[in-house]
Amino acid sequence: MSAQLPRTRWGGIADHRFHPDGFFRVAECNDTFWLVDPDGGRFLSKGVNTVRIDQDYIRNTDRAPYADACRRKYGSEPAWRAAAAARLAGLGFNTLGAWSDDAVASAGPQPLAVAANIDLGMSFAWARNDAGVGAHQDFPDVFDAAFEKHTVERATQLCAARRNDQNIIGWFIDNELRWGADWRGSDELLGLFLNLAPGAPGRVAALAWLRERHPDVVAFNAIWRTPAQSWDALGNLARIEPPFRRDPIYLRNAADEAAANRADNARAVFVADCDGFARIVAERYFAATCAAIRTADPHHLVLGCRFAYVPPSGVIDAATRYCDVISLNCYEAGAGAVIDSYGETRPCLIGEFSFRGADSGLPNTNGAGPLVATQTDRARSFRDYVAAGLRKPTLVGFHWFEHADQPAEGRFDGENSNFGIVSIMDELYEDLARTMRAVNQEAEALHDAGSAVS
């Protein structure tokens, strides 16, 4: 059993299957993917998100109840970091997930690995939106010549100085980009680009791409049903409305989609337009961002963009070509089917998952994922989720969301849920903790054998 095998300082299994090369990497053995730690250990990234004392402020205030409780309990932030690092290591976690305080990584009895999100693409959109440049960008305008320049500058700023840090697994490019219709709106990615400001590079590119696919504007309008009688007139429309609306990507049924397209050829062509354009956007996005990271930091992995749901196949294809690891956030009861959706040629890492308990005293009215009755149910759900995921040969890590509970009054976006390993008062949820410790200890054996937790 893995519990009886020696471990490296990083927590990897020191069984000499892999050689050390000083940095984390991915490898395959017996048709199963693994991370390999800097000392050559067979490694799974067992992480926790948002490990920081100032995790959440109450919405529209400067009050951070978890931070207040920890300062009273520990007296200082360094003391809290040391306690948090020791607790995570004691529970068998080996990685600080996204939005964590990196200083925790070296504050405990053993080093923790780091997997940080750098918002490489969306920071371009946010900067344009904050400056009031053009129409609001819900997805970064990857056709803008300034986009590539931005990615190079930001990757250099955030990654270059840490290129020789051994404890960094790699970099998440972004988090939960909008690849189509989802909870944020019904627009397709093509629609988002078509409705950028007139003259915006992304709008120009989208219009040119449609014109190339549909040279005859009359034939185009038979599909898209716009009031424009020419391509120039189309480019001058204040808003281009889609002729069809699809359900959010994660609610679509493949059989129903196929039947709807068979019944209406115009819909089928529209869908092909949308999915084809998403493929082009993904190609440009991943090519630019991955190149920028690797130029700034050739030693660490590119961990993908933390897909919030399974995107169109063309997007997966592009991510697979450019990223070292495909990252996905999955708040389902189980992740097996979702992992399978990404194929067998790239390792996957679950960037977020969680279960909330109705007995926690928190409202749990705003927040993703299953709500279960008790803390015992939370523990059982964690065990079942991770054990099933580890049966998948592509899974190389799983990161729990998140370290501490959210405030009952709601954080910046209103979330008020029992996501924590610890409460707002920094008290450990013991049932969950015991199960996490046991599952984390046996994770490598489960992944190696493809077996379930007994």
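Data table
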{"item": "Test: residue in the stretch 357-371 that is in contact with a Lys or Arg (Cβ under 6 Å, 6 or more places away or on another chain) and either surrounded by 24 or more Cβ atoms within 10 Å (Cβ to Cβ) or in contact (Cβ under 8 Å) with a residue 60 or more places away in the chain (or both)", "result": "yes"}
{"item": "Hits in the stretch 331-378 - residues which are in a strand (DSSP E or B), among the hydrophobic types (A, V, I, L, M, F, W, C) and touching a helix residue (DSSP H, G or I) at 6+ places or on another chain (Cβ under 9 Å)", "result": "CYS348, ILE350, PHE353, VAL372"}
{"item": "The one condition in (1) under 19 Å from the mean Cα position of the chain (by Cα); (2) within 20 Å of THR435 (Cβ to Cβ) that ALA373 fails to fulfil", "result": "(1)"}
{"item": "The stretch 298-330: number of residues that are of a type outside the set (S, T, N, Q), closer than 22 Å to CYS159 by Cα and assigned to a helix (DSSP H, G or I)", "result": "3"}
{"item": "Residue match in the stretch 444-453 (condition: within 18 Å of CYS70 (Cα to Cα), in a loop (DSSP other than H, G, I, E, B) and β-branched (Val, Ile, Thr))", "result": "no"}
{"item": "Any hit, the stretch 228-246, residues being farther than 30 Å from ARG128 by Cα, surrounded by 15 or more Cβ atoms within 10 Å (Cβ to Cβ) and free of Cβ contacts under 8 Å to residues at least 60 places away in the same chain", "result": "no"}
{"item": "Residue in the stretch 104-128 that is surrounded by the fewest Cβ atoms within 10 Å (Cβ to Cβ), counting only those that are at pLDDT 95 or above and farther than 27 Å from LEU88 by Cβ", "result": "TRP126"}
{"item": "All positions within the stretch 27-60 that are farther than 16 Å from HIS300 by Cα and polar (S, T, N, Q)", "result": "ASN30, THR32, ASN49, THR50, GLN55, ASN60"}
{"item": "Subset of the stretch 372-393 [closer than 24 Å to VAL310 by Cβ, free of Cβ contacts under 8 Å to residues at least 60 places away in the same chain and not hydrophobic (A, V, I, L, M, F, W, C)]", "result": "SER381, TYR385, GLY389, LYS392"}
{"item": "Among (1) in a loop (DSSP other than H, G, I, E, B); (2) in the same structural domain as VAL36 (by TED's automatic domain parsing); (3) not basic (Lys, Arg) - the single one PRO215 does not satisfy", "result": "(2)"}
{"item": "Residue within the stretch 123-145 that is within 23 Å of the chain's Cα centre (by Cα), touching a residue at least 40 places away in the same chain (Cβ under 8 Å) and under 27 Å from ARG162 (Cβ atoms) present", "result": "yes"}
{"item": "Residue identified as assigned to a helix (DSSP H, G or I) and within 19 Å of the chain's Cα centre (by Cα) among ILE280, ILE293", "result": "ILE293"}
{"item": "Tally of residues being over 17 Å from the mean Cα position of the chain (by Cα) and in contact (Cβ under 8 Å) with a residue 60 or more places away in the chain across the stretch 90-112", "result": "9"}
{"item": "Residue within the stretch 419-435 that is outside any loop (DSSP other than H, G, I, E, B), touching a strand residue (DSSP E or B) at 6+ places or on another chain (Cβ under 7 Å) and at negative phi present", "result": "yes"}
{"item": "Qualifying positions in the stretch 382-405 - among the aliphatic types (A, V, I, L, M) and either closer than 14 Å to GLY351 by Cα or in a helix (DSSP H, G or I) (or both)", "result": "VAL386, ALA387, ALA388, LEU390, LEU395, VAL396"}
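Let's see how each residue does on (1) in a helix (DSSP H, G or I); (2) within 20 Å of ASN195 (Cα to Cα); (3) polar (S, T, N, Q); (4) not assigned by TED's automatic domain parsing to the domain that holds ALA135:
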| position | (1), (2), (3), (4) |
| --- | --- |
| PRO243 | no, yes, no, yes |
| ALA259 | yes, no, no, yes |
| VAL269 | yes, yes, no, yes |
| ALA272 | yes, yes, no, yes |
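Residues checked against (1) on the phi > 0 side of the Ramachandran plot; (2) of a type in the set (Asp, Glu); (3) more than 27 Å from the chain's Cα centre (by Cα); (4) not assigned by TED's automatic domain parsing to the domain that holds GLU444:
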position: HIS19; (1), (2), (3), (4): no, no, yes, no
position: PHE24; (1), (2), (3), (4): no, no, no, no
position: ASP31; (1), (2), (3), (4): yes, yes, no, no
position: LYS46; (1), (2), (3), (4): no, no, no, no
position: ARG52; (1), (2), (3), (4): no, no, no, no
position: ARG59; (1), (2), (3), (4): no, no, no, no
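The values are calculated or read from the model by the stated rules, or taken from the named source; none is laboratory data. Since the structure is predicted, the reported quantities are computational estimates derived from the model, not experimental observations. Glycine also receives a Cβ, built like all others from the backbone with ideal geometry; neighbour counts cover every protein chain displayed.
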